[in-house]
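A single structure is presented below for examination.
Nothing in this text is a laboratory measurement; each read-out follows from the coordinates by a stated rule. Worth saying up front: this structure is predicted, and the values here are computed from it rather than measured. Backbone-built Cβ (ideal geometry, glycine too); neighbour counts: all protein chains shown.
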Amino acid sequence: MTQNNASYMHKCTFCEYQTKRKFDLKRHHNAKHQNEIYPILKIVDDGENVISNKENVISNKENVISNKENVISNKYICKTCNKFYKTKKYLLNHEQNCKMVDILTCPRCMISFTNRHNKNRHIKSNKCQARSIIHARTPNVQNITNNNTINNNLNINNNLNINNFGYERTDHISKLDFYNILISGINTLPLYIQMKHFNKDFPENNNIAFTNDNKCKVLENNLWKEKDIGILSSKLIHENSQVLLLYCEDNEVELSNIIQNDEIFEHVKDKLFIIYNKADSKKYNEVLSKIKDLVKNYKT
């Protein structure tokens with residue numbers, strides 16, 4: 001019996017798990033003890049992995065993780081959600097579409113959980129109501145505990161991070177909202193753009209701001225850039241009419257059953273095609289004018 005135990009060279013420091021392969025131990029740590037490993041590590045600016053807080057020091061040498069692969073560098077960590085990456089390229093790609101919530105928080109309703117299993121089960125149920133990120137706790141791994149006493153009303157994220165243009169949340173737009181938008185005639189695109197970019201209940205999507213005259217600013221690559229309001233409005237028409245056309249195509253059967261009139265449904269799609277292709281200049285300019293007014297008149 002002693003001989004069999006000796007054959008397991010790698011033992012987990014947090015439970016009774018044993019294995020013959022270092023890779024299996026690392027995978028076990030990442031799967032089962034991520035929240036126990038990461039909070040005890042503190043990286044300082046000089047690059048040395050010094051743990052300055054004596055309360056976090058583990059004196060038992062058997063519990064010290066000597067493998068350099070397990071040491072987290074703060075070089076490529078997202079500043080908004082604390083996810084870490086091996087290269088700058090992956091970090092930059094992530095930051096473009098960062099959900100700005102920690103790994104145990106539902107990105108739709110902003111409720112936090114004690115483990116990934118509970119969060120994934122909650123997401124699969126698909127029954128939660130979309131809420132703004134202002135209701136989420138601060139995305140910091142230090143706030144993720146191993147007990148069951150997380151108070152979701154604490155650590156509210158007061159520092160609002162705005163989504164980059166083109167990476168807005170749309171999970172708050174329900175099927176009923178889409179239906180009402182699609183049957184709104186000339187107001188279809190302005191209503192969708194308003195709900196997407198200028199919704200006061202979801203300020204993280206407010207990435208367009210009017211400045212003066214015919215200028216506005218748009219958040220791109222985490223920087224506010226000045227844009228001509230006419231060019232921006234044309235871009236909003238082009239991109240969002242395409243989005244709505246794809247929505248009609250992907251949900252054709254369901255929309256047909258709701259509308260229950262093939263002629264009306266075809267008219268809805270034709271109207272979007274006409275605006276998308278600028279086939280009717282009068283209607284296009286009318287929609288363009290409405291969107292310009294929407295940008296100019298919105299106040300945060």
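What are the ³J(HN,Hα) values, in whole Hz, obtained from phi via the Karplus relation 6.51 cos²θ - 1.76 cosθ + 1.60 with θ = phi - 60°, for each residue of the stretch 243-254 in sequence order, with x given for Gly and Pro?
Ordered by residue, 3J(HN,Hα) equals 4, 5, 5, 5, 5, 4, 5, 6, 10, 4, 5, 5 Hz.
Give me the net charge for the shell around Asn297: Cβ to Cβ below 14 angstrom, other residues only, Lys and Arg +1, Asp and Glu -1.
Charge balance in the 14 Å sphere: +4.
Can you give the FRET efficiency for Lys282 and His122, using 1/(1 + (r/R0)^6), R0 = 45 Å, r = Cβ-Cβ distance, to the nearest 0.05? Before the final figure, lay out each step's value.
On the way: r = 49 Å, r/R0 = 1.09.
Result of the calculation: an efficiency of 0.40.
Starting from the Cα of Asp262, step 7 Å along the direction of its Cβ; do the same at Lys175; then give the gap between the two resulting points in nm.
Placing both labels 7 Å beyond Cα along the Cβ direction yields 2.2 nm.
Tell me, what are the semi-axes, in whole angstrom and largest first, of the equivalent ellipsoid of the stretch 168-300 as set by the roots of 5 times the Cα gyration tensor eigenvalues? Can you show the working numbers first?
Values: eigenvalues 145, 60, 26 Å².
They are 27, 17, 11 Å, listed from largest to smallest.
Now for a different question. In percent, how large is the relative contact order of the stretch 175-297, given Cα pairs closer than 8 Å and 6 or more residues apart?
28 percent
All other residues with a Cβ under 14 Å from the Cβ of Lys20 taken together, and with Lys, Arg as +1 and Asp, Glu as -1, what is their net charge?
Summing Lys and Arg as +1 and Asp and Glu as -1 gives +4.
What's the local net charge at Asp250, with K and R +1, D and E -1, over the other residues with C-beta under 14 Å away? Could the numbers behind the result be given before it?
Working: positive: Lys175, Lys269; negative: Glu249, Glu252, Glu254.
Combined, the nearby Lys, Arg, Asp and Glu give -1.
Of Lys225/Lys299; Lys127/Lys217; Lys175/Lys296, which pairs sit farther than 24 Å apart, going by alpha carbon to alpha carbon?
The answer is Lys127/Lys217; Lys175/Lys296.
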